[in-house]
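As structure tokens, the structure follows; a few thoughts come after it.
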Amino acid sequence: MNKNMKKKHNKAAVALKYVEGVDKVPRVAAKGEGKIAEAILAIAKEHDIPVREDPDLIELLYPLELEEEIPPKLYGVVAELLAYIYRINGKMKE
């Protein structure tokens, strides 16, 4: 998210997807600002998809194009995100 995005909209969202056995690494499934970001977050909530609000992470992921695989330089950051989601999912099952 660049400085202009921060000024224009309060929200930005990036959704990642990973299909085991199909994808080598996670890729960008959706992204948007303003009302599009709100719609992405609403869909995630509707489907009980964990959401992590992290402006720094958005800033790293937002420049990626739709369907683009995350680049190797972001593997560590996305691994932390996945660990966070696995922890949440584990708590939800209890």
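Read the figures in this text as sums done on the coordinates, not as results from a lab. Note that the structure is predicted; figures quoted are calculated from it, not measured. Cβ coordinates were reconstructed from backbone atoms using ideal geometry, including for glycine residues, and neighbour counts include every protein chain displayed.
Sorting check: for 25-38, 72-85, 44-57, which peptide has the highest mean count of neighbouring beta carbons within 10 Å, and how do the rest follow?
Values: 25-38: 16.4, 72-85: 12.9, 44-57: 11.4.
Sorting 25-38, 72-85, 44-57 by mean packing, highest first, produces 25-38, 72-85, 44-57.
With the radius of gyration and the Kirkwood radius both derived from the Cα set of the range 3-93, what is their ratio Rg to Rh? Numbers along the way, then the final one.
Numbers: Rg = 13.2 Å, Rh = 13.8 Å.
Result: Rg/Rh = 0.95.
As a check on your grasp of the helix formula, calculate [θ] at 222 nm for the chain: sum -39500 (n - 2.57) over DSSP H runs of n ≥ 4, divide by the residue count, round to the nearest 500.
Values: 4 runs with 44 residues, N = 94.
Dividing the helical sum by the residues of the chain leaves -14000 deg cm²/dmol.
What ³J(HN,Hα) values, in whole Hz, does the Karplus curve 6.51 cos²θ - 1.76 cosθ + 1.60 give for the range 19-36 when θ = phi - 60°, with x put for Gly and Pro?
10, 4, x, 10, 8, 6, 9, x, 9, 6, 9, 7, 7, x, 10, x, 5, 5
Using Cα-Cα distances under 8 Å and only pairs 6 or more residues apart, what relative contact order does the chain have, in percent? Don't skip to the end; give the middle numbers.
Values: 98 pairs, mean separation 27.1, N = 94.
It comes to 29 percent, rounded to a whole number.
Just to confirm a number: summing +1 for Lys and Arg and -1 for Asp and Glu over residues other than Y62 whose beta-carbon lies under 9 angstrom from that of Y62, what do you get?
Working: positive: K31; negative: E33, E59.
Within the 9 Å Cβ shell, the charges total -1.
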